[in-house]
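As structure tokens, the structure follows; a few thoughts come after it.
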Amino acid sequence: MNNLHNNDDRIVILDTETTGINPREGHRIVEIGCVEMINRQLTGRNYHVYVKPMAHGMQMVMEQEVINIHGLTDDFLRDKPVFEQIGQEFVDFIKGARLVIHNAKFDVGFMDHEFSMLPGLPKTADICSITDTLKVAKDEFGSPKTLDYLARFYKVDKLIDRTYHGALIDAQLLAFVYIEMTRKQATLNLQSGDSQAEDANAIRRADINRPKLKVLAATADELIAHENRLAIVAEKGAEPLWKK
């Protein structure tokens, strides 16, 4: 279950946010964030959705303590889809992948609880293999380590703004942690003498007669989002190096 590295499989780094800590007490998923990776490379393909939590036909009211963690209010979730509306598309995205999750018991427990309430949806382990980086960290460091600890240890904690612990934000951070966790194994694979590994990672020269690369300019919306991000960085007292 916790084989950390296989260079050729499709990996989905996954995280969820919930209304509480125990699905057996009726708590539900309110956010799902997934990041796709193939051959240790981020593909740019993500799955992200907010979910309105329901109980007895009514929207659940979350404790303020929970809202303080993920920043998702009852009002924000009011017009979001219920799990029944997104369950199949979520299954379609993760099916056949190896899931990389920090504290997989928690997330998979909630996923299986949600799946069990809808006809025809499988258990997570029936359609995915699962790697729990919490257990991997225990093997590596001698005790379980939080995602925050691992991000600091591997020096990737500054790559993501984590004012709140959003599912997609945490999945993106875990993706960077995973890349660093598997870097040593990737190096060992290159030195193993495996001819297939050597061929796959050999230097390949580009054809000088190849077509010119297509340049994709940023859209207006992307430029606005970029400026907004720079403004947030500036408010925190930092100045991006690329503007100097």
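The values are calculated or read from the model by the stated rules, or taken from the named source; none is laboratory data. The shown structure was predicted, so the numbers you read here are calculated from the model rather than taken from an experiment. Ideal geometry is used to build each Cβ from the backbone, glycine not excepted, and the neighbour counts take in all protein chains shown. Surface accessibility is based on the protein's heavy atoms, side chains included, excluding ligands, DNA and RNA. Shrake-Rupley method; radii C 1.70, N 1.55, O 1.52, S 1.80 Å.
Taking the stretch 111-120 as the search range and keeping residues that are more than 16 Å from the chain's Cα centre (by Cα) and open to solvent by less than 30 Å² (accessible area, probe 1.4 Å), which one is nearest to residue 17 (Cα to Cα)? So the residue we want is 114. When restricted to residues that are open to solvent by less than 50 Å² (accessible area, probe 1.4 Å) and modelled with pLDDT of 50 or more, the stretch 170-201 contains 11.
May I ask you to verify whether residue 82 is more than 18 Å from the chain's Cα centre (by Cα), farther than 28 Å from residue 143 by Cα and of a type in the set (A, V, I, L, M)? So residue 82 fits the description; yes. Against the numbered list (1) touching a Ser or Thr at 6+ places or on another chain (Cβ under 6 Å); (2) farther than 21 Å from residue 135 by Cβ, residue 24 comes up short only at (1). If the condition is being loosely packed, with under 14 Cβ neighbours inside 10 Å and over 22 Å from the mean Cα position of the chain (by Cα), then the stretch 60-79 contributes 61, 63, 64, 65, 75, 78, 79. Taken together, 123, 155 contain a single residue that is at positive phi and not acidic (Asp, Glu), which is 155. Applying the criterion of being surrounded by fewer than 13 Cβ atoms within 10 Å (Cβ to Cβ) and part of a helix (DSSP H, G or I) to the residues of the stretch 126-165, the residue that is modelled with the highest pLDDT is 126.
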